[in-house]
Structures are given as structure tokens and as C-alpha cells.
Amino acid sequence: VTLVANVESVGQLSVDDLPRVVGEIYGVKDELRSLWDVWLHASHHATAIAQEARRARLRERVLKETADFAFWLFTIVYRIRGDLGRKKPGEDDRQSIVRIKGTLSEILWNRHPGVCPSCYWRRARLVDASSSSAALPELCECAAHPGDLPDGASRRRLSQALRSVALTQVGHKPDSLDLWQKRLGEIYRVYLGTVSLERVVFELLIQMGEVSDAMVRIYSYKADEFVAPQPSWQRQRLEDELGDLFRWLFLVAEKLNSVISDYSNHDLPRSVPQPLRLSWILWDRYGSTSRDQFHCPFCTGSSCVCKHVFVPGSATVDDLVERATDIA
Ligand SMILES: [Zn+2]
Ligand SMILES: [Zn+2]
Ligand SMILES: [Zn+2]
């Protein structure tokens with residue numbers, strides 16, 4: 001069933017609808033791409049956001065790049081969610097083990113059950129970890145503690161502790177795109193008021209590296225660490241790092257919102273609404289107003305029919321080698 005959406009309702013879509021949306025538009029075509037291709041596209045759009053963010057005045061391109069980056073991230077979730085070791089069309093053995101269990105809203109909630117994960121860890125170090133949730137920091141204080149993050153064993157303890165908070169608080173889990181942006185915007189309100197857009201994008205890029213690290217460690221191990229239940233920990237780590245990456249995506253949208261409230265900071269069209277929401281950014285790029293659904297902005301198909309050549313896939317390696325003639 002194709003999802004109906006329009007500029008008014010798009011923010012009420014569940015974050016879990018979006019991986020399905022990209023699957024509908026690009027799923028068949030993406031079978032010709034490896035998971036690594038998808039990740040490379042996510043990477044170059046993330047760095048394009050950084051290129052735009054360092055300009056003195058923001059241009060409309062920052063919104064397009066944010067939308068494209070988000071769509072590639074949704075593609076990652078669509079691709080890697082499933083059973084460990086079960087290949088999807090177009091995948092090889094290695095890709096079949098890069099898997100997450102949870103839905104996007106679950107992996108977001110498992111990291112942000114009403115708190116900033118890093119602040120929770122910082123607080124839990126000071127007080128008894130089993131103390132009541134009254135001790136949880138409501139507002140993120142990370143601006144004052146740059147780079148102060150858990151590693152190794154404490155990262156696993158934090159992951160488990162946050163998941164148990166998430167479980168007991170599950171009734172409070174936001175679902176829609178706009179509610180997630182609102183909730184994260186509240187937790188990180190002071191943080192976002194303290195730091196620059198560049199700093200937020202910098203954190204997003206750091207988190208890209210964390211996800212890369214989590215992906216590579218799902219299929220490569222030190223010999224003495226290739227023991228049970230290590231692969232399960234790595235899968236959980238990948239979920240956690242992705243959850244953190246989606247947080248930065250929402251926070252980039254929140255920070256863009258506050259930056260553009262000053263007209264001297266940007267050359268965006270007057271049609272850009274305030275408050276600016278990620279849901280609007282996605283709709284502006286990928287929404288079809290005539291059909292009330294998402295589509296490919298290039299071919300305008302609800303299932304993309306853009307003419308692309310993938311090697312190998314739609315052309316052979318020999319086809320490419322033949323064309324790799326000397327440059328005159
Ligand atoms: Zn791309
Ligand atoms: Zn924090
Ligand atoms: Zn297309």
C-alpha cells in the first residue's frame with residue numbers, strides 16, 4: 001500500500017514509514033547497488049551538508065543535501081533490517097550479516113529514552129546506576145563536555161542501561177517524524193543554543209565514522225574475539241550508532257531552524273516554513289504534490305525509472321574496461 005502524504009500531514013508519518021517509502025521508490029534499483037554503495041552516497045551527502053554549513057550564508061542546497069542524506073540513511077535501515085545471514089536480492093554473503101533487528105523508532109528510542117545517552121552515562125558514573133529515573137538529566141549538558149564519551153566495556157554497559165530505561169518508559173516513545181524532532185529538540189535545546197551549526201555538523205560527521213566502524217566490525221574480528229556472543233554485541237552496537245546518527249540528523253534540522261530565523265544568515269526562499277522541520281525538508285525534495293505521495297524527484301516516478309548504468313549489474317566489467325581508453 002503506497003503511503004499517502006502531503007505537506008500538512010508529512011510530519012505525522014512514523015519514522016518507520018520512511019525506510020518503507022525509499023524501498024518503494026528505489027528498492028528494485030538499489031538491488032544493483034551494494035550496501036557499501038549506499039553508505040558512500042550517505043557519506044558524500046553528509047560532507048556536502050558540511051560544505052554548505054561553512055558558508056557565510058546558507059543556500060537552498062543545504063536543505064536538498066539534508067534530504068538526500070536522510071533518504072540514503074533510510075535506505076540503509078531498509079537494507080540492513082532483517083535476519084542475520086539471510087540474503088536479500090542482490091546481496092552477497094558478507095552483506096547478509098550486516099543486520100539490525102530493531103525498527104528505526106526502536107533504535108532511536110533505545111538510545112534516547114527521554115535522555116541524551118552521553119549525559120546519562122556521565123550521570124550514571126557519579127550516582128548509583130540503579131538509582132531512580134529522577135536522577136536522569138533532562139537537558140543535555142554535552143556542550144560543556146566535548147568528546148567525553150564511553151568506550152569499550154562502559155559503552156556496552158551504557159547500551160544495556162539505556163535499553164532497560166527504554167523498556168520501562170516505552171509508553172512515552174515518540175513515533176512521528178515531527179515528534180522525534182520535537183523531543184530531541186527539547187533534550188538538546190540548551191546544547192543547540194550553545195554550539196554553532198558547524199559543530200553540530202561536525203558531530204554528525206564523527207558519528208558517520210562511528211557507524212562505519214560498527215559496520216566493519218560486524219564482519220571482521222580479532223581471532224580471540226570471534227566468540228559468542230560477540231556478533232550479537234556488534235549488531236547491537238550498529239543499532240546504537242545508527243540511533244545516534246539519526247539523532248544528529250534531527251539536530252541538524254533543529255539547528256538549521258534556529259540559524260535561519262535570522263534572515264542575514266541565509267539566502268533560502270521565502271517559501272521555507274518556520275519552524276523548519278526535517279519532515280518538510282524531506283517533502284520539499286521528495287514529495288509529489290500532484291499525487292500526494294513521495295516520488296523520485298529526477299524521473300518523478302513513484303518507482304524510480306531513472307536511466308543508470310551499474311557495473312556490474314546493468315553493464316559488465318568488460319563493458320567498462322572497453323570504454324576506459326586513453327584520455328587524449
Ligand atoms: Zn549520491
Ligand atoms: Zn548530552
Ligand atoms: Zn528516478
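With the highest mean first, a sort of the peptides 180-186, 306-312 on other beta-carbon atoms found within 10 angstrom per residue produces 180-186, 306-312.
Net charge dipole, the range 67-191: roughly 340 debye, given to the nearest 20, about the Cα centre with Cβ charges of +1 for Lys and Arg and -1 for Asp and Glu.
Once you have a ≥ b ≥ c as the square roots of the Cα gyration tensor eigenvalues for the chain, tell me rounded if a/c is under 1.5, and otherwise prolate or oblate according to whether a/b is larger than b/c. If you can, show how the numbers build up before the last one.
Working: a/c = 1.64, a/b = 1.16, b/c = 1.41.
Note, shape of the chain comes out oblate.
Taking amide H positions as modeled 1.01 Å from N, with prolines and chain starts lacking one, no residue 5 or more places away or on another chain lies under 5 Å from L139. The spacing between the range 44-83 and the range 157-182, judged by their C-alpha centroids, is 24 Å.
Sequence-distant contacts, meaning Cα pairs under 8 Å at least 6 residues apart, place the relative contact order of the range 1-147 at 20 percent. Estimated purely from DSSP H runs of n ≥ 4, each contributing -39500 (n - 2.57), the mean residue ellipticity at 222 nm for the chain is -17000 deg cm²/dmol once divided by its residues.
Top mean-square fluctuation among S258, S105, S43, Gaussian network model of the chain, C-alpha springs under 10 Å? Per the Cα network of the chain with a 10 Å cutoff, S258 tops the list.
Over the chain, Cα pairs under 8 Å with separation of 6+ residues give a relative contact order of 28 percent. Dipole magnitude for the range 1-113: computed about the Cα centre from +1 point charges on Lys and Arg Cβ and -1 point charges on Asp and Glu Cβ, it is near 340 debye. Were the residues from R54 through D318 laid out at 0.36 nm apart, the gain over their Cα-Cα distance would be 90.9 nm.
Candidates F74, A153, I97 compared by Cα position along the dipole of the chain: farthest toward the positive end lies A153, with charges placed on Cβ. With the charge dipole of the range 1-121 set up from +1 on Lys and Arg Cβ and -1 on Asp and Glu Cβ about the Cα centre, the Cα lying farthest toward the positive end among the listed residues V21, A50, L40 is that of A50. Basic side chains Lys and Arg get +1 at the Cβ, acidic Asp and Glu get -1 at the Cβ, and with that the dipole of the chain about its Cα centre reaches some 500 debye.
Straightening the chain between S264 and Q160 buys 32.9 nm, computed as 0.36 nm per residue apart minus the Cα-Cα spacing. Measuring nothing but protein heavy atoms, the accessible surface of the chain at 1.4 Å probe radius is 53 percent carbon and sulfur.
In this structure the chain gives 49 Å² per residue of accessible area when probed at 1.4 Å with all protein chains present. With the Cα gyration tensor of the range 138-248 giving a ≥ b ≥ c as the square roots of its eigenvalues, does the rule (a/c under 1.5 for rounded; else a/b larger than b/c for prolate; else oblate) give rounded, prolate or oblate? In terms of gyration-tensor shape, prolate. Put simply, the amide H of L58, placed in the peptide plane, has neighbours under 5 Å in H266, D267, leaving out anything fewer than 5 places away on its chain. Peptides 220-226, 210-216, 9-15, ordered by how many other C-beta atoms sit within 10 Å of their residues on average, highest first, read 9-15, 210-216, 220-226. Where a ≥ b ≥ c are the square roots of the eigenvalues of the C-alpha gyration tensor, would you call the range 196-249 rounded, which needs a/c under 1.5, or, failing that, prolate if a/b is larger than b/c, or oblate? Note, shape of the range 196-249 comes out prolate.
The values are calculated or read from the model by the stated rules, or taken from the named source; none is laboratory data. Note that this is a predicted model, so its numbers are computed, not measured. Virtual Cβ from ideal backbone geometry, glycine too; neighbours counted across all protein chains shown. Surface areas here come from the heavy atoms of the whole protein model, side chains and all, with no ligands, DNA or RNA. Shrake-Rupley method; radii C 1.70, N 1.55, O 1.52, S 1.80 Å.
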